[in-house]
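The structure appears right after this line, and notes come after that.
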Amino acid sequence: MRYVNDARGTAVGLPDRVERVVSLVPSLTEWLVAAGVGERLVGVTDWCSEPAAALAGLARVRGTKNPDLEAVRRLEPDLVVANAEENRKLDVQRLEAGGLAVFVTMPTTVAGAVSELRDLAAAVGDLPGAAALDAELVAAVGDAYRRRPARRVRYACAVWRDPWMWVGRRTYAADLLGLAGGEPVLDDPATRYPRLDPEALAALGPELVLLPSEPYEFTGADADELAAGFAGSRVELVDGRALTWYGPRIPAALAAFRELLDGAP
């Protein structure tokens, strides 16, 4: 038995070699495949979609917020991978109460995400692509810090509507956008995702309003609706996975959002 600490500070007990992994986090599923987990990945959620070819035929254990815990147990995993924001604490506790090892991530910065992926690689073990991935991510983050623009673009980034919810400062997405040159107009210390109607938000004068494709699938109709009430603001539909899926997407996401913010009015 060996132990690896996760984002909770919990020492997760693991066998010397992890043979069976269940992932409850779509972005981490993508990272596991890229890192070379291979056939040791035995179960994923219904929302785990990339890379599609590698996930074809794998057992599905329902959603991130409502996983079928009995289905997870039947897969007899040595390790279950979870995230404190995407998965419910109660589900993690129930899996652990049933004797399963659960490694929980919770990055709030891009650099923190890279560090947590390194810890996850240690937990899974024997990932032939992990070291090269880590080197690529470390280089991308270091480059982003060196190239961080002096001019900050004031932005608002939605994550939901009905009610309208926005990215706050203490989130992975905000740190990614910050490295790319953004400055959030919303900074509520009481919550990571402030709620505010568009009319009130418009009064804060964001230069750029971002509408991601997930977790809420904003469309052109949403963009047109907001643009009508945000005089002087640019409204853009953006890739939600680039914004929140940490792992192999980080280098391209930093570059894409740097270019987008650089073109803001």
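The values are calculated or read from the model by the stated rules, or taken from the named source; none is laboratory data. As the structure is a computational prediction, the values presented were derived from the model and not from experiment. Every residue, glycine among them, receives a Cβ derived from its backbone with ideal geometry; neighbour counts consider all protein chains shown. We work out accessible area using only protein heavy atoms, side chains counted, and drop any ligands, DNA or RNA first. Shrake-Rupley method; radii C 1.70, N 1.55, O 1.52, S 1.80 Å.
Descriptive notes on the structure:
- Long-range amide H partners of Glu183 with built H, under 5 Å: Val153, Arg154, Tyr155
- Calculated from backbone phi, Karplus (6.51, -1.76, 1.60) coupling profile of segment 28-39 in Hz, x at Gly/Pro: 6, 4, 4, 5, 4, 5, 4, 7, x, 5, x, 6
- Cα-based helix-to-principal-axis angle, 220-229 vs the chain, degrees rounded to 10: 40
- Inter-part distance where segment 95-110 and segment 64-93 are each reduced to a Cα centre, Å: 9
- Sites listed here are trypsin sites (Lys or Arg not before Pro) in segment 112-180 whose DSSP assignment is loop and whose Cβ has at most 13 other Cβ atoms within 10 Å: Arg147, Arg151.
- Summary of packing: across the peptides 242-248, 1-7, the per-residue average of other C-beta atoms within 10 Å ranks them, highest first, as 242-248, 1-7.
- Placing a pseudo-label 7 Å from each Cα along the Cα-to-Cβ vector at Ala59 and Leu204 gives an inter-label distance of 4.4 nm.
- Straightening the chain between Asp143 and Glu96 buys 13.0 nm, computed as 0.36 nm per residue apart minus the Cα-Cα spacing.
- With the convex hull drawn around the C-alpha atoms of segment 56-174, the volume per residue stands at 156 Å³.
- Segment 1-97 - percent of accessible surface contributed by carbon and sulfur, probe 1.4 Å: 49
- Förster-model FRET efficiency, 51 Å R0, Arg20 and Ala228, C-beta, rounded to 0.05: 0.45
- Taking amide H as placed 1.01 Å from N in the peptide plane, the amide H of Trp164 sits under 5 Å from that of Leu196, each at least 5 places away or on another chain.
- Between helix 250-262 and the chain: long-axis angle, C-alpha atoms, 0 to 90°, nearest 10: 0
- Computed E for Asp239/Ala122 - FRET, C-beta separation, R0 30 angstrom, nearest 0.05: 0.50
- Sequence ranges 75-84, 119-128, ranked by mean other-Cβ count within 10 angstrom, highest first: 75-84, 119-128
- Cα centroid separation, segment 10-30 to segment 240-257 (Å): 22
- Rounded to the nearest whole Hz, the Karplus-based 3J(HN,Hα) values (6.51 cos²θ - 1.76 cosθ + 1.60, θ = phi - 60°) of segment 170-183 follow the sequence 8, 9, 4, 4, 5, 5, 4, 5, x, 5, 7, x, x, 9, with x at glycine and proline.
- Asp68-Arg170 pseudo-label distance in nm [points 7 Å out on the Cα-to-Cβ vector]: 3.7
- Placing R0 at 25 angstrom, the Cβ-Cβ distance between Ala11 and Leu75 gives a FRET efficiency of 0.60 after rounding to 0.05.
- The fraction of accessible area contributed by carbon and sulfur in segment 198-255 is 54 percent, rounded to a whole number (1.4 Å probe; ligands and nucleic acids excluded).
- Virtual paramagnetic centre 7 Å along Cα→Cβ of Arg151, amide N under 17 Å, in segment 189-216: 206-209
- Alpha carbon convex hull of the chain, projected area averaged over orientations, nm²: 14.1
- Set of segment 101-140 residues, backbone N closer than 12 Å to the point 7 Å along the Cα-Cβ line of Ala255: 140
- ³J(HN,Hα) computed for each position of segment 69-80 - Karplus, 6.51 cos²θ - 1.76 cosθ + 1.60, integer Hz, glycine/proline x: 5, 5, 5, 4, 4, 5, 6, 6, x, 6, 8, 10
- Relative to the Cα centre, the charge distribution of the chain, modelled as +1 at Lys and Arg Cβ and -1 at Asp and Glu Cβ, gives a dipole magnitude of about 540 debye.
- Solvent-accessible heavy-atom area per residue, rounded to whole Å², over segment 9-159 at 1.4 Å: 44
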